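The values are calculated or read from the model by the stated rules, or taken from the named source; none is laboratory data. Since the model is a prediction, treat every value here as computed from it, not as a measurement. Cβ coordinates were reconstructed from backbone atoms using ideal geometry, including for glycine residues, and neighbour counts include every protein chain displayed.
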Amino acid sequence: MSGPVGGDQGFNADPDEIDAHARRVGEVQAQLDTALDAANQRMGEEAFGKLGALVASCCNSSLEELRATLQAATESSQHHVDLVRKWAEVKRVDEDSIGALLKKAGE
C-alpha cells in the first residue's frame, strides 16, 4: 500500500489495491457465470430413457436449487465488483484532487 487514503471515512486503502480486489472478484464472478451457464444447459428427461427419467427428475429438482444459488452468487459478485470499482474511482479522484490542491498551494 502506498499510503493511507480516505481521510476520516474509516477506510484507508490504495485505489490500485481496490482495483486489484475488483479484478479478483471479477475473475470469481466469471467462473460463477460459467457454472451458471452449465447449469442452464440441462438435457430434458426424455434424453435419459424411461428408467433414467426418474433419476433425471430427481437431479433436475436439486439442480434447480443449485442454479438459483449460482444466479444469486453471480448477481451479488457483479454488484460487489461494480461497487468496489466505483469506490476505487472515487478514491482516485479524491487523491488527485488533494494532490492538485497541494501542488497549487505550493506554487
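A few points about this structure:
- Residue within region 35-51 that is aliphatic (A, V, I, L, M), free of Cβ contacts under 8 Å to residues at least 24 places away in the same chain, in contact with a helix residue (DSSP H, G or I) (Cβ under 6 Å, 6 or more places away or on another chain) and surrounded by 11 or more Cβ atoms within 10 Å (Cβ to Cβ) present: no
- Region 78-96, residues that are free of Cβ contacts under 8 Å to residues at least 60 places away in the same chain and under 10 Å from the mean Cα position of the chain (by Cα): Gln78, His79, His80, Val81, Asp82, Leu83
- Single residue of Ser2, Ser61 found to be modelled with pLDDT under 80 and assigned to a helix (DSSP H, G or I): Ser61
- Listed by first and then second residue, the pairs with beta-carbon distance under 8 Å, at least 6 apart or on different chains, first residue in region 52-76 and closer than 27 Å to Val25 by Cβ, second assigned to a helix (DSSP H, G or I) and charged (D, E, K, R), are Thr74/Asp33.
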